[in-house]
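Right, one structure below, let's go through it.
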Amino acid sequence: MHHDAQCHLNTCPVGVATQDPQLRKKFQGKPEHVVNFFFSSLKRPARSWPSWHPYLRRTDRPRDLLDTKAGIEHWKARGLDFSRIFHQVSLPANTPLFHTDVQDHGLSAEAGKALDHVLIAKARPAIEKGERVSFIQPVKNVNRTVGAMLSGVVAKQYGHEGLPDDTIHIQLQGTAGQSFGAFLAHGITLDLVGDGNDYVGKGLSGAA
């Protein structure tokens, strides 16, 4: 039986991805079952992964290590052509196929593109001495994950507990980029006067 994906519609026919009480009745599972699955089914195989370490580090990613037979012979894959997916290009010897370039996202302090470097500098009294700081800072939609790097510095210094409530209070004015306030640590308060994009407060970790 085929079901179209309905997770985003809150109409999951089996009662898993929904908050509808009538549909939830159809799901008889418990959270403990998921925990048991991870412990019993995934923990043991994970213990054998170190033995694969030499293969995982190989930069040529040889196709012979990929077991495609079981997947291709599955009844759902009948009639599908995988030749282009598993095709291996003929290249001269020692030609790298993996990690051939390094991306620079401009997150370093030298690059100066990440707004969080400014926030960290202005919040130094709080980070180093636990003193309360409060300031206003402009923000633009190119500034993504504002507060995440600041939270990393706080977490490195104070751990999961973070700082007391509202130790670092920042008012940002303008339009924030994607994931504003992502993973924000305890003790940091961000007030956005303006507009936000998607994933505001994603992974919020005790902040406001």
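The values are calculated or read from the model by the stated rules, or taken from the named source; none is laboratory data. Please read all numbers here as calculations on a predicted model, not as lab measurements.
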For the range 15-40, what are the residues that are in a helix (DSSP H, G or I), modelled with pLDDT under 85 and over 23 Å from the mean Cα position of the chain (by Cα)? R24, E32, H33, N36, S40
When the range 65-108 is examined, which residues are found to be modelled with pLDDT under 80 and of a type in the set (A, V, I, L, M, F, W, C)? L65, L66, A70, I72, A77, F82, I85, F86, V89, L97, F98
